[in-house]
1. Helix 290-299 sits at what angle to the longest principal axis of the chain, using alpha carbons and giving 0 to 90 degrees rounded to 10?
2. Could you give the nm distance between label points at SER201 and SER131, where each point is 7 Å from its Cα heading toward the beta carbon?
3. Can you give the % of DSSP beta bridges in the chain that are antiparallel, to the nearest 5?
4. If I compute P(r) over Cα pairs in 10 Å bins from 0, in percent from the structure I just sent, which labelled value in (1) 5, 21, 28, 26, 16, 4, 0; (2) 4, 17, 21, 18, 14, 11, 8, 4, 2, 1, 0, 0; (3) 5, 24, 33, 23, 12, 3, 0 lines up?
5. Straight distance only, please: which lysines reach the Cα of LYS121 with their own Cα at less than 22 Å, same-chain residues fewer than 8 apart left out?
6. Cα convex hull of region 19-205: mean projected area in nm², to one decimal?
7. May I ask for the angle, rounded to the nearest 10°, between helix 318-328 and the longest principal axis of the chain, with both axes built from Cα atoms and the value confined to 0 to 90°?
8. What nm distance separates the two modelled labels at GLU243 and LYS332, each placed 7 Å from Cα along Cα→Cβ?
Amino acid sequence: MIIRPVDEVRGELDAPPSKSYTHRAYFLALLAEGRSTIENPLVCDDTLATLNALRAFGADVDGKTVVPPEEPCPAFVYARESGTTARFSTALAGGIGGRTLIDGARRLRERPMEGLVKALKDLGAEVDGFSLPLTVKGPVKPGRVSVDASKSSQFVSGLLLLGAKVGLRVEARNPVSRPYIEMTLRTMEAFGVEFERDGFSFEVYPGVKGTRYKVPGDYSTASFFLAAGALYGKVRVNNLLREDVQADMAFLDALEEFGARVKRGRDYVEVEGGELKAVALDCSDFPDSFPILAVVAAYARGKSVIRARQLRFKESDRVRAMAVNLSRMGVKVRELEDGLEIEGGRPRGAKVETFNDHRIAMAMSIAALGAEGPSVIEDTESVSKSHPGFFDDLRRLLG
């Protein structure tokens, strides 16, 4: 795809539904007593992988309605590229008698699973393998488990969901991406799950109620369009609730630190450009924002440092991917173990690659809008992983 620079970006659009909430609602619907209706779900490659997992476990999915089985059955789950699908399915397989096989595409086979595997073994499950493909034979024994969550908060969320089925005490050690754990708890509350907590130790009681659940708008995907407002003009994104716990809400604070003007409404966010200056940020709790924050830094005056602990274990090595692409655009970049040091200025048009990573594709598309000369973005199909309509929305903003 060729993207040519524009003079400004001004407009508004609706945020797509949240991928993270959609995953959680579907898996809780699988565990519920009685049917659930998931309103406004995100339809993308990752959530379709989760729907296939629900069907494999025995649920009947008809449109937005999920009718759970009396008991989930052993299954073969192919998670495609979805880390959430793989990890939640692995955790829930611990509550099922019989062997479940979980597998995924090549990059997903390289992503960490060890913390979750160890926790399931500690609970009495038989697990063959420490990365995909792996098999899990349950059921686990209700009890207490401690999980190393330093590489993924999804290990914790998966065990919390398992606890909603069998009852567990879950202690999360060194959790990253903590707001995603809060999202899991909030969705559990909507499905009637009862729990107690002390910091990041949780007592989860078994019992999930079928319900009607409406998926909120997604701050993560909205961040790319809001960044366009900060860099090139003014953008408003609707369907973003102010009273939410999504991790990427912190992206708005980061934009303000860069110097952009941010207005938060009850159900929208509006961002307008300002004189952007360099910042030092640790986005370990909202790592999905790292690629687009790196783009904002590439246009900000001065030297920025953007860090996050788990960036090398995503759909791509996002530190390396952004270093390569920004360098191709003439940006001075120094790669750190856990992030990038970026000297801001005016990037130039270049041929960049997405590394088959949806967030790299989106970030580099936004970077290209203000570059000197046209850019070529290779393999943009990866956006279907989280927002198949990304480029349609971008065209709406560009008029």
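Every read-out reported here was derived from the displayed coordinates using simple, explicitly stated rules and does not represent laboratory data. None of the values given here were measured: they were computed from a predicted structure. Glycine gets a Cβ as well: all are built from the backbone with ideal geometry, and neighbour counts include every protein chain shown.
1. With both axes taken from Cα atoms, the answer is about 10 degrees.
2. The two pseudo-label positions are separated by 3.4 nm.
3. So the antiparallel bridges in the chain amount to around 60 percent.
4. (3)
5. List returned: LYS137, LYS141, LYS151, LYS165.
6. The Cα convex hull of region 19-205, projected and averaged over all directions, gives 8.8 nm².
7. Here the helix axis deviates by roughly 20 degrees.
8. 4.8 nm
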